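Structure record follows, encoded as structure tokens.
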């Protein structure tokens, strides 16, 4: 697998932007220069992240999220041994 990250990635298995193999390697997000650990989805080209809001869930059991605008820098936490 290459070390290039997609423009858009989601943690939700129902999303078309979900990539289990890539998420298993560990993807980190720097948003506006700060490390974020609660990112549910990101888009680099549009400049936004969706972050979860604590333990709050919607009626379907998915985490409540808020969309934030700014500079998004994804990176691999574990570069692998390819």
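Coordinate-derived values only; no laboratory data. Note that this is a predicted model, so its numbers are computed, not measured. When we count neighbours, we look across all protein chains shown, and the Cβ atoms used for this are built from the backbone with ideal geometry, even at glycine.
Does segment 7-82 come out rounded, prolate or oblate, given a ≥ b ≥ c as the square roots of the eigenvalues of its C-alpha gyration tensor, rounded meaning a/c under 1.5 and, failing that, prolate meaning a/b above b/c?
In terms of gyration-tensor shape, oblate.
Along Cα→Cβ, 7 Å out, is where each label goes; now give me the distance between the ones at residue 17 and residue 69 in nm to one decimal.
1.6 nm
Can you sort 27, 39 by how many other beta carbons sit within 10 Å, fewest first?
With the sparsest Cβ surroundings first, the list reads 27, 39.
Report, in deg cm²/dmol and to the nearest 500, the calculated mean residue ellipticity at 222 nm for the chain, where each DSSP H run with n ≥ 4 adds -39500 (n - 2.57) and the sum is divided by the residue count.
-1500 deg cm²/dmol
Given the options 47, 33, 61, which has the most mean-square fluctuation in a GNM of the chain, springs set between C-alpha atoms less than 10 angstrom apart?
So, out of 47, 33, 61, the one fluctuating most is 61.
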